[in-house]
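The values are calculated or read from the model by the stated rules, or taken from the named source; none is laboratory data. Remember, it's a predicted structure, so these values are computed and weren't measured experimentally. Positions of Cβ are generated from backbone atoms using ideal geometry, with glycine treated the same way; all protein chains shown enter the neighbour counts.
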Amino acid sequence: MNNPVASHPRIWPVLLSGGSGTRLWPLSRTLYPKQLLPLAQEETMLQVTALRAADADRYHEPIVVAGEDHRFLIERQLDACKLPPAAIILEPEGRNTAAAIATAAEWLVKKDPEAIMLVMPSDHVITRPAAFQAAIDAALPAVIAGNLATFGITPSSPQTGYGYIQMGSDMPATNGVKTVLRFVEKPDMATATGYVVDGSYVWNSGIFLLGARAYLAALTHHASAVAKAVGHAMENASTDGNFIRPAALEFKGSPNISIDYAVMEKTDKACVVPVDMGWSDVGSWDSLWDIGTKDAAGNLSVGDIKAIDCQNSLMRSEDGATVAAIGLKDMIIVATRDAVLVAPRERAQDVKLAVDALKADGRELHKFHSVVHRPWGTYQTTDLGERFQTKRIVVNPGAKLSLQMHHHRSEHWVVVRGTAKVTLGEDVFLLQENQSTYIPVGTVHRLENPGHMPLDLIEVQCGPYLGEDDIVRFEDSYGRVP
C-alpha cells in the first residue's frame, strides 16, 4: 500500500470527554471524572488520548466534545502536553455519542469539507499504539470511499461487559477491513464464550474513523431528529475563543442515542477493522487491576501502601494517606482524603451502588473532590465547624477570582506563598508571604495573582451561613456573571 502519510489528508482527532465514571469512585467524581485523572499513566487519560494522535504529519489539532463544567481543566491539560485544541465544543447537556459526534462533524464541514474524524473516547487505554495506527491506516481507504469504520478488539477472553460486532467478509481493495454482519448487545458468559470460539466476533471499542460529511448524511438518513437538532444547535452556536457552545434549546431537543443505535447498526456503509492493540475501556477498578503492573503476589499498589500477606488486590492511596492492609485477597481499597472504598474485586461493577446511595442521602461526595477545581485554580476545605470554615486556596499565575461580595460571612486571608493583589472596596493593594487582610461581610472584594508562581492562601470564613452559593458576582473573567 502507499504511505498513508503521503497519500491521504490529515485526520481530525475528536476526543469525547463526557461521563462521570461512577464505577471509579472515589477517585472519579462528576466535576473531576476519570478522563481528567492520571489513572493508568503519569499523564491523565485525556492527555494520553490526545498524544495518541499527536503526529503533525498525520493529524490536525484535536477537537474535544465535553461539558461546561470541565472546560478549563480540559484546556489546561491539553496546553500542558503542548496540544492546544482546535475547538472545545461544550454540550449544554449530555445527549449521547450520536449527537456529540455530530457537533464535531458540523463544525468541521464548514472548515474542511473533506474532513475525516478519528473519534476516540478519552478514557480508554491502548498499550500497543503502533497496532492502532496500523488499523487506522488500513481503514483510511475505505473511509475516503465513503464508508464508516469502527475498530473491533480481538477478544482475549469471553467478556460480558462489552458489546460485540460480528464481522463478515473482507471488503474489496482493503487491507483487512471487514464488512459488518451485526452489532450484538452485552452477552451472558455462555454466549460470550461461543463468540470467542467462533472467531468472527470482536469487542466493540467505541472508536470510529468517519468522514464528517458521510457521517452527517448517514445520520440525516437514519436518525433525522438527531441531525436536525444538532444542525440547528450548531448553526446558532456561540463562540468564545476555542469554546464553541451549541444553542441549548435546540441541542436538548436531540434524542439521547448512541452512534451505534443511530447509525452504525442501520447503515450499509459500516465496516470494521479487527485489531489487537492492548485495549481497555477502564470501566472499573478491576479493569485497572487487569492492566496494571503487579507485584509477585498479584497486588497493584499505588501511593503509601503497606501490604502484609495480601494477594491479587488493588490498593491505592491518594493525598498522602497511609493504607495498611493485612491478609486481603482479591480486594479493592481506594483511599482519598474524604472517602474510602472497600470492596471485593468481583463486585467492582457495583461501586455505582455506593454512589447512588450517597446521592440518595443528599451528600455531594459523588460530585466534588476535597480539592475543588475552578477556572482560576483550586480550593480545599481543611476544617469545618459551627459558624466557621477554613480553606486552602491556590490561584494560578495571572488568574483572578470574580469581583464579588458575601451577605452572610466575613473572611480572613493569610498569604503563605506568592503575591496577592487584593481589591477591598475602593482600595487595591498587594500582600506578600506572611501578610494578611480582613474582608468584612457585605464588602465588594477580589483576589488576584499578579505573579509568575502559584499563590497559596489560607482563608478563614466566619458567619451563620458558609455555602458556596453565598456569592454575588459583579465582574468575572469566566462568564459566570448572569
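Search the range 430-482 for residues being within 23 Å of Gly241 (Cβ to Cβ) and aromatic (Phe, Trp, Tyr), and hand back the single one that is surrounded by the most Cβ atoms within 10 Å (Cβ to Cβ).
Applying the filter and picking the extreme gives Tyr478.
Restricting the range 248-271 to residues that are over 18 Å from Gly18 (Cα atoms) and basic (Lys, Arg), which is surrounded by the fewest Cβ atoms within 10 Å (Cβ to Cβ)?
Only one residue tops the list, namely Lys266.
Give the number of residues within the range 229-247 that are crowded, with 16+ Cβ neighbours inside 10 Å and either among the hydroxyl-bearing types (Ser, Thr, Tyr) or over 21 Å from the mean Cα position of the chain (by Cα) (or both). Explain how you work it out, then say what you get.
Quick first cut of the range 229-247, residues crowded, with 16+ Cβ neighbours inside 10 Å only: 229-234, 237, 242-247.
Adding the requirement that they be either among the hydroxyl-bearing types (Ser, Thr, Tyr) or over 21 Å from the mean Cα position of the chain (by Cα) (or both) leaves 229-234, 237, 247.
Going through the range 229-247 one residue at a time, the tally reaches 8.
If you check Gln380 against the conditions, is it touching a residue at least 60 places away in the same chain (Cβ under 8 Å) and not in a loop (DSSP other than H, G, I, E, B)? Break it down into steps so the answer makes sense when it comes.
Working: touching a residue at least 60 places away in the same chain (Cβ under 8 Å): no; not in a loop (DSSP other than H, G, I, E, B): yes.
So Gln380 fails the test.
Being under 26 Å from Ala223 (Cβ atoms), touching a residue at least 12 places away in the same chain (Cβ under 8 Å) and exposed (fewer than 15 other Cβ atoms within 10 Å of the Cβ) is true for just one of Gly152, Gly146. Which residue is that? Give the steps one after another, and end with the answer.
Numbers: Gly152 fails: exposed (fewer than 15 other Cβ atoms within 10 Å of the Cβ).
Result: Gly146 is the single residue among Gly152, Gly146 that is under 26 Å from Ala223 (Cβ atoms), touching a residue at least 12 places away in the same chain (Cβ under 8 Å) and exposed (fewer than 15 other Cβ atoms within 10 Å of the Cβ).
Check whether at least one residue in the range 376-396 is among the hydroxyl-bearing types (Ser, Thr, Tyr), at pLDDT 95 or above and more than 23 Å from Gly283 (Cα to Cα), and report yes or no. Step through it out loud before you land on a result.
Step one: list which residues in the range 376-396 are among the hydroxyl-bearing types (Ser, Thr, Tyr), which gives 378-379, 381-382, 390.
Within this subset, residues satisfying the condition of being at pLDDT 95 or above are 390.
Going one step further and asking which of them are more than 23 Å from Gly283 (Cα to Cα), we end up with 390.
Looking through the range 376-396, at least one residue is among the hydroxyl-bearing types (Ser, Thr, Tyr), at pLDDT 95 or above and more than 23 Å from Gly283 (Cα to Cα).
Tell me which strands (runs of 3 or more DSSP E) are completely within the range 87-184 and hold 2 or more residues being closer than 30 Å to Glu250 by Cβ, or say none if there are none. Give the steps one after another, and end with the answer.
On the way: elements: 87-91, 116-121, 148-153, 164-170, 178-184.
Correct list: 87-91, 116-121, 148-153.
Which of the strands (runs of 3 or more DSSP E) contained wholly in the range 218-314 include at least 2 residues that are outside the structural domain of Leu24 (by TED's automatic domain parsing) and under 24 Å from Phe132 (Cβ atoms)?
Values: elements: 238-240, 243-245, 270-275, 300-302, 305-308.
Qualifying strands (runs of 3 or more DSSP E): none found.
Listed here are the residues, each with its yes/no results for (1) surrounded by 24 or more Cβ atoms within 10 Å (Cβ to Cβ); (2) among the β-branched types (Val, Ile, Thr); (3) under 20 Å from Pro375 (Cβ atoms).
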{"residue": "Val14", "(1), (2), (3)": "yes, yes, no"}
{"residue": "Leu27", "(1), (2), (3)": "no, no, no"}
{"residue": "Tyr32", "(1), (2), (3)": "no, no, yes"}
{"residue": "Gln35", "(1), (2), (3)": "yes, no, yes"}
{"residue": "Glu43", "(1), (2), (3)": "no, no, no"}
{"residue": "Arg52", "(1), (2), (3)": "no, no, no"}
{"residue": "Glu75", "(1), (2), (3)": "no, no, yes"}
{"residue": "Ala80", "(1), (2), (3)": "no, no, yes"}
{"residue": "Pro85", "(1), (2), (3)": "no, no, yes"}
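Tell me, please, whether a residue that is under 30 Å from Glu91 (Cα atoms), crowded, with 20+ Cβ neighbours inside 10 Å and not β-branched (Val, Ile, Thr) can be found in the range 301-312.
The answer is no; no qualifying residue exists.
Which condition from (1) crowded, with 19+ Cβ neighbours inside 10 Å; (2) under 27 Å from Cys462 (Cβ atoms); (3) aliphatic (A, V, I, L, M) is the one that Val355 breaks?
(2)
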